[in-house]
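Trainee: Structure incoming, see below.
Any read-out appearing in this document is the output of simple, stated calculations on the displayed coordinates, not a laboratory observation. Remember, it's a predicted structure, so these values are computed and weren't measured experimentally. Here Cβ is always computed from backbone atoms with ideal geometry, including for glycine, and neighbour counts include all displayed protein chains.
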Amino acid sequence: MIEINNVSKWYGSFQVLTDCTTQVSKSEVVVVCGPSGSGKSTLIKCVNALEPFQQGSIVVNGIAVQDPKTDLPKLRAKVGMVFQNFELFPHMTITDNLAIAQIKVLGRSRDEAVDKGLKLLDRVGLKAQAAKFPGQLSGGQQQRVAIARALAMDPICMLFDEPTSALDPEMINEVLDVMVQLAHEGMTMMCVTHEMGFARKVANRVIFMDRGAIVEDAAKEDFFGQPRSERAQAFLAKILNH
Amino acid sequence: MNYHWDWMFFFQETDDGLKYYDWILSGLGWTTFVSLASLVVALILGSVLGVMRTTPKRWLVGLGDAYVDLFRNVPLIVQLFMWFFVVPELVPENIGLWMKQDLPYFVIAIVGLGLYTAARIAEQVKAGINSLSRGQRFAGLALGFTEWQTYRYVRLPMAYRIVLPALTSEAMNIFKNSAVTYAVGILELYFQYKQIIEKTSQVLEITIVVTLCYFVLAFVMNRILAFVEARTRVPGLIVGTKGSK
Ligand SMILES: Nc1ncnc2c1ncn2[C@@H]1O[C@H](COP(=O)(O)OP(=O)(O)OP(=O)(O)O)[C@@H](O)[C@H]1O
Ligand SMILES: [Mg+2]
């Protein structure tokens, strides 16, 4: 579903990504972790071409992302993305947040879009909030709306960039629960997260990045069980102990 | 003080058969018309320029920056003279002739004042867009919006809300700035003011009345935009006013 082949990226002379190669198969859940500044966000943003890269290739559902002929809006519409800071549109009601892209990008009628949006809102447990604005919801609620907004586009896969790291601890689980449910339904997911409980529960593979490179790319059992690179060990020890 | 107050002079007849208050009303009409028309020009062009300066396309940014630098740093009156006297000489002869003979004065005045104010509005709009998080654009793009759609549906609606206080003061300023157009022959309020002072000796009365006219225009604009601000306020959101500079 997602194939990342030898991707390298530079900001000026600073290399953010070094020869990254990995793939996510259909219905697979891959967790990406690593220290701050290691390039996790950059890598995941390359997948739907929010960030350009200079070398390598990324193929999503058979379409080459870096190909200048690729219709990027059309590709991105099929790839759901959830951000650390939710990024709901503050001036729209929750209903409009859920409907706008369905209407403007997919060409659905307003009734159809609202209907679909409200169904998904119900699924993330927020039906009562439909008429509110994002600023009137808690962080956890906003993030659940953001997930529903992405799902409303009927994505073929979902990208998550630290979806819980801007949340107060008591709200983390309500968001993770939605993600676990998605994983169980067979959604293809690439998740940047340090929630190792989530990784243990649903991940098929775990990728560890450091200084722009993929240092470790292993099945979940191997990643949590057996010896591997020292840097990954040290990182794991640190985040599991706090 | 032995100034002779005479408020009734406004009802005296002038040389052209009208009354002095007719002159004032006519000036007020022109001031309002030229100002509002310029404001429309400035809002449209200023928004386009402001957006251009926030795009990832370098040449668009450069073009927008150059415009703002030029039009913000040349005095308004010089710009008006340029449109009236310099530009017609620089363009092809038949266009120049048309500008000098057929194009109504007020059109050139409106374009001049509009283009000047557009530079200032472009600055506000750019500041508003840049005050939004980069993530808003990413979120729009990730949903499949084109770059333009992220402006249309995501970024501009918030940017305008954020800079509305700054835009309000620009909109109030434009009435004051429109007084400069008397220099290129627009018979607006300041022109009538000068004319009445020359014809009568009632300097205080006419100054008070004209001042009041400008005050009322600015005040009404302020109230209208305050209403717009209240109507577009987003529940649950505290917006900063980073925009004003
Ligand atoms: N627009 C940019 N220009 C220059 N450097 C950048 C830019 N964006 C990111 N970087 C740098 O690229 C590196 C990788 O950033 P990235 O955001 O991908 O890291 P990350 O692994 O997601 O970190 P975090 O855990 O803090 O989110 C960092 O060193 C960062 O400073
Ligand atoms: Mg990051």
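Trainee: Scan the helices (runs of 4 or more DSSP H) fully inside segment B:91-144 and keep the ones with 1 or more residues being away from chain A (no Cβ under 14 Å) and among the hydroxyl-bearing types (Ser, Thr, Tyr).
Mentor: Per the criteria, B:105-130.
Trainee: Still on this structure, I have one more. For segment A:18-36, what are the residues that are within 12 Å of ligand 1 (Cβ to nearest atom) and in contact (Cβ under 8 Å) with a residue 12 or more places away in the chain?
Mentor: Across segment A:18-36, the qualifying residues are A:Thr18, A:Cys20, A:Val32, A:Cys33, A:Gly34, A:Pro35.
Trainee: Residue by residue through segment A:150-165, note down the ones that are within 11 Å of chain B (Cβ to nearest Cβ) and within 13 Å of ligand 1 (Cβ to nearest atom).
Mentor: A:Leu159, A:Asp161
Trainee: Given the structure, is A:Arg123 crowded, with 16+ Cβ neighbours inside 10 Å and not aliphatic (A, V, I, L, M)?
Mentor: yes
Trainee: Going by what's in this entry, would B:Gln192 be described as touching a Leu at 6+ places or on another chain (Cβ under 9 Å) and closer than 30 Å to B:Asp15 by Cα?
Mentor: So B:Gln192 passes the test.
Trainee: What is the residue count in segment A:64-73 for residues that are within 14 Å of chain B (Cβ to nearest Cβ) and surrounded by 13 or more Cβ atoms within 10 Å (Cβ to Cβ)?
Mentor: Final tally of qualifying residues: 4.
Trainee: Would you please name the residue that is nearest to the other protein chains (Cβ to nearest Cβ), looking only at residues in segment A:104-149 that are more than 24 Å from A:Met171 (Cβ to Cβ) and assigned to a helix (DSSP H, G or I)?
Mentor: Within segment A:104-149, the match that is nearest to the other protein chains (Cβ to nearest Cβ) is A:Lys104.
Trainee: All but one of (1) free of Cβ contacts under 8 Å to residues at least 60 places away in the same chain; (2) buried (at least 21 other Cβ atoms within 10 Å of the Cβ); (3) part of a helix (DSSP H, G or I) hold for A:Leu167; state the number of the condition that does not hold.
Mentor: (3)
Trainee: Right, another one. For segment B:91-103, check the following and say yes or no: at least one residue is touching a residue at least 60 places away in the same chain (Cβ under 8 Å) and closer than 24 Å to B:Asn177 by Cβ.
Mentor: no
Trainee: Related question: If a residue must be more than 13 Å from the chain's Cα centre (by Cα), part of a loop (DSSP other than H, G, I, E, B) and surrounded by 22 or more Cβ atoms within 10 Å (Cβ to Cβ), how many such residues does segment A:34-62 contain?
Mentor: 4
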